[in-house]
Amino acid sequence: MNDLETLVKNARADFALTKVPAELENTKALYLGKQGSVTALMKNLANLSIEDKKSRGAAIHEARQTIEAALNARRQALAEQALQRQLQAQALDVTLPGRKRLTGGLHPVSLTLERIEAIFSSMGFDVAEGPEIESDWFNFTALNTPPDHPARSMHDTFYVENAGEPAVLRTHTSPMQIRHAVQHVKRHRSSAQPKNTLYDGDMPEIRVIAPGRTYRVDSDATHSPMFHQCEGLWVGENVSFKDLKYVFTDFCRTFFESSDLVLRFRPSFFPFTEPSAEIDIQFPSGPLAGRWLEVAGSGQVHPNVISNMGLNPERYIGFAFGMGPDRLTMLRYGVNDLRLFFDGDLRFLSQFR
Ligand code: PHE
């Protein structure tokens, strides 16, 4: 093997040892750079005869081309390796299962509340909301239920203090009757009447529903310590039990999409209504047909309550009802355990999406 062949062989071996492009370029300089072996050989040509210059020069040139070819081959190989490494690092396993994007939905009870609001809005009712921590006055006393009244014991709840005042987690939405009516009277009271008297001037009718959360010490398959109610109130000059029957019947038939649904107004007692009635419904067909199902309490607003609204009961009269949206939801969807609504189990909730 002559010196040029050895040189080419060494260059190939050195190139092969390099692992990254920068290393290869450094090694290249050893052979082809200004101070490199090939350049040195060319310089030596000067000492040779013309004949020898020609043949030696051609041989060196050929060796140089071979080394350059080897260099380019190695450059390509390294680039290829780098690409492969990068592809491997970013590899996607297309056999992995995809990640699902979960979409939320309204809670079944929220669906019911929306439905109740839509139906009553269409009948000209406003929708109002009130506080869940309620004063003793609004929750009981203003509703004709003084501190020693036995009806309070049926409304055992969470007693708290709010800014030093006795307060409760409201046991029903009925306090909204007073809150809403008081605001309504304040807004519409004509200045002709003295401030501190019960109002008996003109005003638009009060027609409102008030949905929201309510609380009682109660827990089983059909009772939850937190539950929902929706209050209804209609106060005017000629509002009667007949109107209550009409409005509530129309509501129930629309809500359950059943024009043959039957209602029963069963005499009952509430301190804030007189007379009072429990409202039961009966489905004409389906799994619940033939049974009376209680859905609301109701009655004509008691004169004392009309007074606590700031209105003169000699002129103003009305009716109120309080229904259970949780119960309505169970009946509408055939749910048999109230607790399902509050467990947060997606297997249950996703069925309503
Ligand atoms: N607030 C009563 C309850 O919780 C229901 C009701 C509301 C009754 C309005 C009459 C009038 O049981």
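Some points to look at:
- Here the chain has 52 percent of its accessible surface on carbon and sulfur atoms, given a 1.4 Å probe and all protein chains in place.
- Within the chain, helix-based [θ] at 222 nm, where runs of 4 or more DSSP H residues each add -39,500 (n - 2.57), nearest 500: -12500 deg cm²/dmol
- Per-residue packing, averaged as other Cβ atoms within 10 Å, sorts the ranges 204-216, 278-290 into the order 204-216, 278-290, beginning with the highest.
- Among Gly290, Ala11, Ile133 - extreme Cα towards positive end, dipole of the chain, charges at beta-carbon: Ala11
- Asp243 versus Ala151: modelled label distance in nm, points set 7 Å from Cα along the beta carbon direction: 2.1 nm
- Cross-link partners of Lys54 among lysines (Cα-Cα below 26 Å; sequence separation of 8 or more within a chain): Lys9, Lys28, Lys34, Lys43
- Full extension of the chain between Arg85 and Asp126 yields a length gain of 8.0 nm, computed as 0.36 nm times the residue separation minus the alpha carbon distance.
- Applying 0.36 nm per residue to the separation of Ser285 and Asn10 and subtracting their alpha-carbon distance, the gain on full extension is 89.2 nm.
- Rounded to the nearest 10 degrees, the inclination of helix 175-188 to the longest alpha-carbon principal axis of the chain is 80 degrees.
- Each Cα pair under 8 Å and six or more residues apart adds its sequence gap; the mean of these over the residue count of the chain is a relative contact order of 15 percent.
- Dipole magnitude for the chain: about 2020 debye, using +1 per Lys or Arg Cβ and -1 per Asp or Glu Cβ, origin at the Cα centre.
- Choice from Arg99, Arg189, Arg12 with maximal GNM fluctuation in the chain (Cα, 10 Å cutoff): Arg12
- Crossing angle, helix 50-89 versus the chain [Cα axis fit, 0-90 degrees, rounded to tens]: 20 degrees
- Whole-angstrom gap from region 126-175 to region 183-253, using each part's C-alpha centre: 16 Å
- Estimated distance in nm for a label pair at Phe158 and Asn47, the labels positioned 7 Å out from Cα along Cα-to-Cβ: 10.4 nm
- Cβ-Cβ FRET estimate between Arg315 and Glu114, R0 fixed at 45 Å, reported to 0.05: 0.80
- Solvent exposure of the chain, expressed per residue, is 57 Å² of accessible area, with all protein chains present and a 1.4 angstrom probe.
- With the convex hull drawn around the C-alpha atoms of the chain, the volume per residue stands at 309 Å³.
- As a rough guide to protection, the peptides 190-196, 163-169, 130-136 ranked by mean Cβ packing within 10 Å, highest first, stand as 130-136, 163-169, 190-196.
The values are calculated or read from the model by the stated rules, or taken from the named source; none is laboratory data. Predicted model, so just to flag it, every value in this text is computed and none were measured. Ideal geometry is used to build each Cβ from the backbone, glycine not excepted, and the neighbour counts take in all protein chains shown. Ligands, DNA and RNA are stripped out before the accessible areas are found, and what is left, the full protein with its side chains, is counted by its heavy atoms. Shrake-Rupley method; radii C 1.70, N 1.55, O 1.52, S 1.80 Å.
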